[in-house]
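The values are calculated or read from the model by the stated rules, or taken from the named source; none is laboratory data. Just so it is clear, the model here is predicted, and its values are computed rather than measured. Glycine also receives a Cβ, built like all others from the backbone with ideal geometry; neighbour counts cover every protein chain displayed. Heavy atoms of the whole protein, side chains included, go into the accessibility calculation; ligands, DNA and RNA do not. Shrake-Rupley method; radii C 1.70, N 1.55, O 1.52, S 1.80 Å.
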Amino acid sequence: STISKDSLKTSLLQLECHFTWTLLKEDVGLETLEETILDHIKFVKECNITDYNILSYVCHLKNSNEEALRNLQKAEEAIQKHHPGEIARKSLVTWGNYAWTYYHMQRYEEAQTYVSKVENSCKKLSSTAHGKIQLPEIYAEKGWALLRFGRKYFEKAKNCFENALKSEPDNPDFNAGYAIAMFRLGSFTELCDEEMRPCLEALKRAVELNPNNTTLLALLALKLQQLKRGNEGERYIEEGLQKTPDFPVFLRYAANFYRKKGEVGKAVSILKKALELTPNSVFVHHQLGLCYKFKILLLKKARYPPQEEVDNLIQLAISHLKTVIHKKPVFFTAYSELGNIYALGKRYEEAEEIFQKVLQRNDLLCDDKQEIYFSYGNFQHFHMKSESKAIEYYMEGLKMKKDSYRRKQCIEAAEKLLKQKIMSGLPHATDFGRLGFVHKLNGRKQEAIECYEKAIALDPNNEEYLNALAELQLSI
């Protein structure tokens with residue numbers, strides 16, 4: 001019997017699995033993602049169904065479908081071992097992945113077999129479902145997959161875990177996923193204490209339900225540290241070091257905690273241990289780069305910096321950060337960090353080259369872009385001594401609407417340089433125009449109006465200034 005490819009495709013699109021969740025490979029480094037998951041499987045001994053499923057999808061994205069099938073088989077074995085009583089219910093995502101993988105291998109008979117398996121199981125599990133079924137564990141599986149694909153997906157991941165928790169509010173796994181999603185979302189925005197409260201509550205709840213999960217302990221500690229409750233947080237880190245001294249994911253967070261506390265030596269020794277356990281981890285290399293940068297800046301503050309030690313640290317930082325962007329080209333903030341290190345070593349051409357490389361990408365997220373404009377503005381200002389170029393890049397960063405810590409920094413830096421430039425004689429219309437714009441952003445309408453009036457005095461027919469002035473006068 002020949003299977004109609006079109007009707008098969010229609011059925012496949014109904015399935016809930018990694019192939020229908022819009023997980024795009026351009027948002028991750030595939031090699032890195034694969035290494036991360038393999039490390040996770042190696043160090044987390046309990047149930048790895050979720051890991052094997054996502055690994056199979058990563059293998060498919062790398063065009064190794066045979067390898068994808070082998071990982072789906074491992075997922076099946078894990079389901080039989082851990083959930084012998086509810087195999088169908090726990091297998092829906094795995095079977096969906098099987099169906100899609102066979103479809104891409106043009107093995108349509110086998111693809112159809114798995115589609116049917118899913119459809120029949122869904123009918124048994126729910127009278128209303130036709131291949132689509134809203135089970136909490138499917139939401140959770142989707143949530144974990146979204147978390148793996150980077151921060152464009154974190155908001156969606158949080159919603160998935162929220163949906164899963166509606167049916168099973170006490171499920172340890174769903175609570176863990178929800179808390180991790182909340183934590184990661186909070187890492188990219190400046191939040192006041194009140195806004196961090198829900199995340200803190202979610203982490204506490206997750207820790208209660210998952211007493212052996214030291215990753216959650218570490219995140220709780222970092223959240224407390226952000227809330228200026230570092231001493232309380234450190235107790236959790238110490239507990240984690242007792243419980244899982246060889247678990248690399250925990251060690252990374254512990255190192256992060258000590259670096260932020262200012263104990264860089266301790267952070268470095270923890271990271272070196274993590275690096276022995278997971279030599280390919282992009283995160284460990286990145287954290288080491290940040291630690292060495294911290295040390296360099298510290299030494300450079302001395303009256304007579306020990307040049308040899310500084311040079312040695314610069315070399316180390318460069319080699320770790322180069323590893324990061326080589327292994328994970330979409331790790332954008334690492335580019336500006338590398339640019340900064342080159343600049344600290346007075347290697348300006350290499351710095352310029354790295355900044356240009358990342359400034360030319362068109363797939364940057366807004367806050368990444370602000371971060372890079374701010375760093376590049378600083379590079380122009382402090383290293384190349386070009387105030388005008390610095391102003392230009394700070395302006396690029398603050399023009400981007402997203403409210404972030406970096407945008408605030410761009411606004412402050414631009415304002416300071418513009419005021420200096422105006423004070424030092426012979427300002428241009430653009431200087432007043434830009435400062436007017438900055439004042440407007442800061443809600444200082446009267447100052448903004450004065451600046452635009454001065455800009456117009458120097459450049460009477462400028463549409464942009466005339467419009468901005470009219471708009472401001474109307475709003476007062």
Next on the checklist: If you fit an axis through the alpha-carbon atoms of helix 230-243 and take the longest principal axis of the Cα set of the chain, what angle between them do you get, 0 to 90°, nearest 10?
Outcome noted: 40 degrees
Checklist outcome for this item: Under the 7 Å Cα-to-Cβ spin-label approximation, K62 and K300 lie apart by a distance in nanometres of 3.8 nm
Checklist entry - What is the spread of the Cα atoms of the range 19-178 along each of their three principal axes, largest first, in whole Å? => result 41, 40, 29
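Do you know the relative contact order of the chain, to the nearest whole percent, from alpha carbon pairs under 8 angstrom that are 6+ apart?
8 percent
Expressed as a rounded percentage, what relative contact order does the range 356-423 have, with Cα pairs under 8 Å and six or more residues apart?
The value is 30 percent.
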Next on the checklist: Need the list of lysines near K346 for cross-linking: C-alpha distance under 23 angstrom, and skip anything on the same chain fewer than eight residues off.
Outcome noted: K293, K295, K300, K301, K322, K357, K385, K389
Checklist entry - Relative to the longest principal Cα axis of the chain, at what angle does helix 307-327 sit, 0 to 90 degrees, rounded to 10? => result 50 degrees
Checklist entry - Based on DSSP H runs of at least 4 residues, each adding -39500 (n - 2.57), what is the mean residue ellipticity at 222 nm of the chain after dividing by all its residues, to the nearest 500 deg cm²/dmol? => result -24500 deg cm²/dmol
Item to check | Full-extension gain in nm, E353 to E168, via 0.36 nm per residue minus C-alpha separation | outcome: 61.4 nm
Item to check | Length released on extending from K152 to H428, taking residue separation times 0.36 nm less the Cα-Cα span | outcome: 95.3 nm
Next on the checklist: Let me check something: with ligands and nucleic acids excluded, how do M384, M395, M182 order by accessible area (1.4 Å probe), largest to smallest?
Outcome noted: M384, M182, M395
Next on the checklist: From Cα pairs below 8 angstrom and at least 6 apart in sequence, can you work out the relative contact order of the range 256-356, rounded to a whole percent?
Outcome noted: 21 percent
Checklist entry - What pairs in K42/K273; K5/K152; K261/K402; K25/K142; K156/K223 have C-alpha atoms more than 24 Å from each other? => result K5/K152; K261/K402
Item to check | Computed accessible area, I37, all protein chains, 1.4 angstrom probe, square angstrom | outcome: 0 Å²
Next on the checklist: Going Cα to Cα from K62, which aspartates and glutamates come in below 17 Å? Please leave out same-chain ones fewer than 8 positions away.
Outcome noted: E26, D27, E31, E34, E35, D51
Checklist entry - Any idea how far apart Q360 and E86 come out in nm if each label point goes 7 Å out from Cα toward Cβ? => result 5.3 nm
Checklist entry - Residue-wise, which Karplus ³J(HN,Hα) couplings in Hz belong to the range 408-420, taking 6.51 cos²θ - 1.76 cosθ + 1.60, θ = phi - 60°, and x for glycine or proline? => result 4, 5, 4, 4, 4, 5, 5, 4, 4, 5, 5, 4, 4
Checklist outcome for this item: The Cα extents of the chain along the principal axes, largest first and rounded to whole Å, are 83, 54, 42
Item to check | Mean-position separation - Cα centroids, the range 393-469 and the range 270-314, in angstrom | outcome: 38 Å
Next on the checklist: Compute the angle between helix 348-359 and the longest alpha-carbon principal axis of the chain, please, reported from 0 to 90 degrees and rounded to the nearest 10.
Outcome noted: 60 degrees
